[in-house]
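Enquirer: After the structure tokens below, expect a handful of questions from me.
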Amino acid sequence: MAPADLPQALNLSTSANWNQTEEDWRRILHLADCFCTELDGQIVASASAMIYGNRDLAWIGMVLTLPAYRGRGLASTLVQAALDHCSDVYCVKLDATDLGAPVYRKYGFEDECVVERWSRQPSSTSCSTELTDGGEPILDLDRAAFGADRTALLASFPNICSTGDGFAMHRPGRQSAQFGPCVSETEESARLLAGWATARNSSNPLIWDLFESHPKARQLAHELRFTPARRLLRMSLGGKNVAEDPSLIYALTGFEWG
Ligand SMILES: CC(C)(COP(=O)(O)OP(=O)(O)OC[C@H]1O[C@@H](n2cnc3c(N)ncnc32)[C@H](O)[C@@H]1OP(=O)(O)O)[C@@H](O)C(=O)NCCC(=O)NCCS
């Protein structure tokens, strides 16, 4: 897929009611490798592969087929192309929807854990925050949390907030803004960062992706009046994993990035 394909790429994700903007697709095309199928003069299916660190971890995302073209093996072919591209990467992972999981099982992906999307409607009561925009991602902490270096991805996000103990991003989306990633050594810092994102976002719905198995993140989301909206399945190829510490991850970056 090339930059000229951006409008058609956006059509793919919008057709599935996903939240990506054209800017998100621009980031995907810039940082990841993206494969597509063209039929009848249009792009009808896609898959992306983001390779982190020193080829330690690859993330498969944006697996999409336009509704009229489903069931013909297009997603399978593109997932295979993405996997061929990552054949020398130690660990390959993804977050699967109910529709995607059967495709990935065929290629040897195994269930790892449940990830949840929580969402918060805009509130008439404004939220306050002690924090202001700015700062830098804490790269050592992020690497320990995520299990691979993702400096380039973190640098591509526009709105960051950093405390001494953690950092978070707040990003625009097609329908909802998104809180994440949020990586923090302490619950208190994560609470401040989530408050920052919520206060920054008084007029749009806000989404927050988190691990179902992270009770502190779920509790914070609950306190800030987020409610569970979707569940996806984190899967890894052949059950291989990197040395990660999910307890430090209060918000995931998004299903297409991990
Ligand atoms: C998931 C999706 C990409 C599949 O696209 P597709 O081009 O229809 O997939 P394929 O034709 O390659 O099907 C792949 C396999 O999964 C199976 N499959 C596909 N959809 C299925 C379903 N709803 N239930 C059970 N199996 C299903 C097919 O039978 C096929 O298996 P087979 O080769 O053994 O017959 C498509 O449904 C889609 O875009 N959904 C919305 C977005 C989404 O959820 N993407 C996945 C993100 S993780």
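Enquirer: For the range 176-209, enumerate the residues that are open to solvent by 70 Å² or more (accessible area, probe 1.4 Å) and within 21 Å of residue 136 (Cβ to Cβ).
Expert: Selection gives 185, 188, 191, 200.
Enquirer: Step by step: first the residues of the range 210-228, then only those that are assigned to a helix (DSSP H, G or I) and within 18 Å of the chain's Cα centre (by Cα), then the one that is surrounded by the most Cβ atoms within 10 Å (Cβ to Cβ). Which residue is that?
Expert: 217
Enquirer: If we keep just the residues of the range 163-209 that are β-branched (Val, Ile, Thr) and assigned to a loop (DSSP other than H, G, I, E, B), which is nearest to residue 223 (Cα to Cα)?
Expert: 186
Enquirer: Filter the range 28-69 down to the residues that are buried (at least 24 other Cβ atoms within 10 Å of the Cβ), under 24 Å from residue 98 (Cβ atoms) and among the hydroxyl-bearing types (Ser, Thr, Tyr) and list them by number.
Expert: Of everything in the range 28-69, those that are buried (at least 24 other Cβ atoms within 10 Å of the Cβ), under 24 Å from residue 98 (Cβ atoms) and among the hydroxyl-bearing types (Ser, Thr, Tyr) turn out to be 46, 48, 65.
Enquirer: Could you tell me which numbered condition residue 74 fails, if it satisfies all but one of (1) more than 8 Å from the ligand (Cβ to nearest atom); (2) open to solvent by 10 Å² or more (accessible area, probe 1.4 Å)?
Expert: (1)
The values are calculated or read from the model by the stated rules, or taken from the named source; none is laboratory data. Computed from a prediction, not measured in an experiment: that's the story for all the values here. Counting neighbours? That spans all protein chains shown, and the Cβs are built from the backbone with ideal geometry, glycine included. Accessible surface is based on the protein model in full, side chains and every heavy atom, while ligands, DNA and RNA are left aside. Shrake-Rupley method; radii C 1.70, N 1.55, O 1.52, S 1.80 Å.
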